[in-house]
Each structure stands twice: as structure tokens, then as C-alpha cells.
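Accompanying notes for the structure given below.
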Ligand code: SF4
């Protein structure tokens, strides 16, 4: 039986990277006893989408897991078990693999929805307790190409280097591959206000989405050609003399090589590659260059490609050539997708990262984090495989897997193959709130607490660190992920260093991040409770603050050394000077970028074909994405009645010309075949998509699983799979 708090608890939505503020009020009349109430929070100003409004339903869902499950030899089925037995079985399974095949035969897979504390704990658990390099997470499938491009150009990756509130204050936004109206509806108001203020909106998307319908100009390139489009725009900018030469000279490096690449992409060539006409290209340049301030915002469209890093780099080059980055209300930003997609990549569950967004390959970073962890730097394993490569190695080099907060059976590319790899493991343990499609394959399933049942921090798409507060007592049979790590560590011989109290974990995270790119050392739970989030980097100010900084004074790096390029606003800086507490850094790069010389780097890029282009056998392009009522693999949202009613299953969106060619009517089942497999779903015939392209949402398992079809070709830098483009053929299945 749940017990509840007496007054609304201020907290944040458990789903997307907007991390909308909400209140949770006691409501005995509701199943589960909690009601979502409006709360003023600067990011969403009280607005919530349907997912946020119904988020409490999963807490009391009938299909919620409330006791551990162990697969028994006798029945081959998952059967209820005690926590002791389940944890013993996991410890035994992982240690047997380690003893027989070495530490790298044990894999760990995390999630972009895990809190900072859990992501931190999971990375530490993998490297200190298991000694494995084989850890990555599903955030690799989210924004990793933008993160890599950000690092390459600016020396630092924070999705948005400015707050969302800057969007209505700029002159023009090019929104590339984002359908905000469906993925994070409360954020749409920033674009509405932009236009009310006289700014213009250009949306780049192969589909005329609800977001694209609001644009002043909608460019609908062929999937996989966004890079060529950006180069074509840059070509015109140069040809029309619209570059900002003083800015290029004073704040950037590498322009000549990037310029040469763009000049090879003349408009007529770009029109042939992308399908966007030369007049449309010219109009986009006119709108983008007219105001002094402008932004490019990217999301999964350009990022989830086997050339995602270069594609984002091409858009950044456009921003730099026109002198827009590192100035107020201007620049480049990535709209991160998952709830803690930003924090999830900063604290050590990524294959190549240590906490504080430090590089695992950097000796100084290893020494710093090893000291905080109380281990020898040389004991830390090196970088491991990226998410898809790790999943693809299951049953091969990687024999056992511990998985938290992810459902790759639905969300991984080439999903049928990944499902087979998961089935071939010697041992699989999954911690989740429901029996997801991946948990169904496990040897042991642990029922863990959800957002409103535990306290923890997340970092939203702006780099704003937030406190999610516990509002309700969890059901008796569930435990937190931190408890799971604590208990498994103890069973595997590490008695200390894995506290179950999230604030205690956060205190250690502060020390581990001190002096790193994502410096959280000046952020405390107390500050987060009093302020509406704090933007990193936020170094501790020694001798000031709330007294908790004493521990940080012992850290080997100087925590007061502010990251180059991360300039706080002057007003906030004054506040800092008067209080001794660092105000956080809402806007990055205002004076210098975080590169060694302080200059942003142009990176020369060139267009190349997708990993799989249409041919006679597979003549149509497939692209995938989301719908407003579902979230990611749907593990939670498919369990919410209102959301399920609004979006009950997958569909295949296709143009009437294509529908006529294969003889399928609206609502009839259509079979989509790629070289990886087959999916079947009802046709949704609409003129809002290009005639050469079909779209499928990816939230469902079973025969309508879109990721059965997707291509696992990887970006060479970010290791992002090519979710957004592959070749398929369509066949008429017949009436449903
Ligand atoms: Fe939650 Fe995102 Fe919807 Fe906001 S937009 S309510 S954070 S799912």
C-alpha cells in the first residue's frame, strides 16, 4: 500500500529531456494516491504534455513489477523469488563469467533515463567492482553525434550552451530534424514566441510535421542528405558575401578548409542530392542571414546517421561562418531527447567517459577519479565498445550482461538480431519497473523504484541540474537501483563505496567531477532544493558556500579553476562575488570556446551517401521517429491507458503516390521489408511525407517493430547507428 506526502511535492517529469517541472499532490481518490498538479517552472511554465500529466499511472500500474523474478531450471519460466536469492543469483552469474572468461566478458548496459547518481554508480560498479571495460548505454542511440560534433568544434559538449529562454530572443531558428510538437510539446511555445517577436522559423524535415507546419519555410530533404543541405547553404552564404570575416578571424580556426568543402557543393548539385530547390536554398539563406542573431538547433534527424557527427559539423560550420556561436541569443544547440540524456553521458556510464565528462583515456582524469574511488589508476579498465557494438558482441566475447533502464529489444537497430544476441547470453540480469521485452529474456529480473518513489538529480537539455524529489513510499517489494549496486558490490567483495543514499552518492559525484568539463562541485542538494536548477559548470568556491565544500578542498584539482570558455553572465557573476557561491553557467562560450586556444574549430566535411541507398530490390527510404503519446521503447507509456488509446500501435506513413503504386489503402496493413527483416503495420496515407520515403514510429515490439528494419551502420566518431535512413520495399499485406 502506498503512503503519500501531505502537500504537493515539487519535482520533474520522468520522461524527456525537457524535464518539465510539476507538483505531485496527495489525492486519495486516485489509484496510487498521487495527482500531477501544475507548477511554475521556468522551462515549461506549468505546461505538460499528456505523458507528463499521466506519469503517475505507471506507479500504480497493475503490470508493475513488485517482486524479483528468477528463471527456474524446472519450468524455464520467470518465477517470483526473494531479493536475497535474486541478488545471490546475479552475483553468482557475473562472477562465474568473470572467473571463466575474464572481466571483459561481463557487460553493463545503462540508460539515459537513469539519474546522475545511478549513472555514476553504474559506471563505478562496472570499473571498480567488475573491472570490465564493457559498459555503454542507450544514450549512444540518442544525441551522441551532436555531442561528438560539439566537442570537436567547441571543445565541450553541453546540448544547449544557452537556456531555452534565448530562443524567442533570436532572429531566426533553423530547426533540423526535430518534431518538437510531438517530442516535447511544451517547448513549442519558444518557437511560437520567436515568431510573435518577429523572428523566423525554418524547419528541415522530410515530413511536414506539426512542427514544420508552423514554419516560415519548410525544407524537406531526402533522408540522409542534411549534410549536403548545410553545405549548400554555406556555399550560398560565401557566394553572397554574407560571412562574418571579423568573427572568423578572431574566434575560429580552420575556415579555409571548411570553405573549400562548401564551395564544392554548388546549389544545383545540392538540389539534385537533397531534392530541396535552389530558390528554397536561397530563401533559407536570406531568412537566416537577415537578423544579427540566429540559431541552428538539431535533433535526431541529422544526428542518427552513419555520418551524424559530420552532418552536425556542417550545420555548426554554417553557424560559425555567419559569426553566430558564442554570442547572446545566438549559436548552435542540440535538443537532447532522453530525460537524463545530458547527465547520463557525463558521469561514467559511457564507454569512453569518466565522471565530470572526463576522458577515460586521459591519464590525469584517471588519476583524479581513481583517487576519489580509492583505487589505483592502473586498475581502471580502458574504453570499451559502444552500445551497438556491445550488444552485437553478446553471446560472443561478452557472455553475461547487467542491464538497467533500457529496452534494446525495441530500441536497438537491427533489433531482431540484437534480440537473438540477448537470447544467446550465458546470463542476463535486468533491473526495471515493468517486464519489458528485454526483461522477458532475463535470467533474473529486479523490480526497482520509479521517479516519484526516490530522490535523485537529472540534468536537462540546457545543462540545468535538477532535483527530483521522492513523493511517495514505494511498494514493499521494490528496491532502488542504488540498493542493487550496493548489494551486488558487497556480494562481489566490495563492501564500501556504494551508498544507497542518493545525496551521499551525489556528494561523491561532486568530488569526482571537480575540475572536469562538467563540474558539479558547487552544486548541492540544498541549492537544488532552493533554486530552480543550477547550470553546469558550477565549480565549488573554496571557503564559501554551505560548508559541504570542505570535502572538496581535499580534491587534487583546483575546483575554483573555471573551465575556459564557460563564462557566467555578469549579473550572476556579481551574485557569486557577493555570496561566494558560484552561480552556475547558463551561457557558454561568450568570451572564448573551450578549446586550447579558445577558438571554435571549423571541421571540413563532405557529403557522402547513406550506408544503404535505395536500389531495384529495396527502392524506398525508411525513416523512424516518435509520436506524441509514446516515449522511446514505450516500456512505460504503453502501460498508460490514455496514452495507449491515443497511440495504440505502429503505422507506416506513406505518400498517396506510393500507396497507389503498391495498391494499399489508408488503414490497410502494409509489409515493410529491409535486408534486416520485416515489419507489418497499418498504412497511414498522407501528403505530408515525401513520395520516396516512408516513416514508422519505433515505440512498439512485435510484428510492427520499426527497428527490425533499421540499419546498424555506425558513425566513425560517435558510433551512432543509422536509425534515420535505410532502404526498404513495401508490399500490400491486405485488410487488417
Ligand atoms: Fe514530460 Fe517531456 Fe512531456 Fe515535459 S514534454 S511533460 S518532460 S514528456
So if I take the alpha carbon set of segment 385-446, get Rg, then get Rh from the Kirkwood formula, what is the Rg over Rh ratio? 0.91
In vacuo Debye sum over C-alpha of segment 319-426, base-10 log of normalised intensity I(q)/I(0) at q = 0.18, 0.21, 0.22 Å⁻¹, listed in q order, is -1.02, -1.12, -1.15
For q values of 0.09, 0.13 Å⁻¹, compute log₁₀ I(q)/I(0) with the Debye formula on a Cα-only model of segment 1-148, without solvent. -0.46, -0.89
Would you kindly calculate the translational diffusion coefficient of segment 262-350, applying Stokes-Einstein with the Kirkwood radius from alpha carbon pairs, for 4 °C and a viscosity of 1.567 mPa s, and quote it in µm² s⁻¹ without decimals? 86 µm²/s
For residue 496 and residue 526, extending 7 Å from Cα along the Cα-Cβ vector and measuring point to point gives, in nm, a value of 2.5 nm
When the convex hull of the Cα atoms of the chain is projected onto a plane and the area is averaged over all directions, what value comes out in nm²? 29.9 nm²
Taking the C-alpha atoms of segment 112-250, convex hull volume expressed per residue in Å³: 169 Å³
Counting pairs of alpha carbon atoms under 8 Å apart in space and at least six apart in sequence, what relative contact order in percent does the chain give? 18 percent
Applying the gyration tensor rule to the Cα atoms of segment 595-663 (axes a ≥ b ≥ c; rounded if a/c under 1.5, else prolate if a/b exceeds b/c, else oblate), the class is oblate
For the chain, percent of DSSP beta bridges that are antiparallel (nearest 5) comes out at 50 percent
Considering the Cα positions of segment 1-85, please state its Rg to one decimal place and its Dmax as a whole number of Å. 17.2, 55
How large is the direction-averaged shadow of the alpha-carbon convex hull of segment 620-734, in nm²? 7.3 nm²
Obtain the nm distance between the two label points defined at residue 79 and residue 379 by a simple spin-label model: each point lies 7 Å from its Cα along the Cα-to-C-beta direction. 3.9 nm
Of the DSSP beta bridges with both residues in segment 361-511, give the percent that are antiparallel, rounding to the nearest 5. 25 percent
Can you tell me what percent of all Cα-Cα pairs in segment 422-503 are more than 14 Å apart? 70 percent
Please label the shape of segment 233-294 as rounded, prolate or oblate, based on the square roots a ≥ b ≥ c of the eigenvalues of the alpha-carbon gyration tensor (a/c under 1.5 means rounded; beyond that, a/b larger than b/c means prolate, else oblate). oblate
Burial order of peptide ranges 279-292, 593-606 (average beta-carbon count within 10 Å, highest first): 593-606, 279-292
Quick one: work out Rg over Rh on the C-alpha atoms of segment 145-334, Rh as Kirkwood radius. 0.92
If a/c stays under 1.5 just call it rounded; otherwise compare a/b with b/c (prolate if a/b is bigger, oblate if not). Do that for segment 297-344, with a ≥ b ≥ c from the square roots of the Cα gyration tensor eigenvalues. oblate
For the pair residue 240/residue 72, report the inter-label distance in nm, with labels modelled 7 Å from Cα in the Cβ direction. 7.2 nm
Normalised radius of gyration for segment 77-137, please: alpha carbon Rg relative to 2.2 N^0.38 Å, two decimal places. 1.23
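Just so you know, all these numbers are worked out from the coordinates, no wet-lab data involved. Fair warning: this is a prediction, and the values are worked out from it, not measured in the lab. Note: ideal-geometry Cβ built from the backbone for every residue, glycine included; neighbour counts use all protein chains shown.
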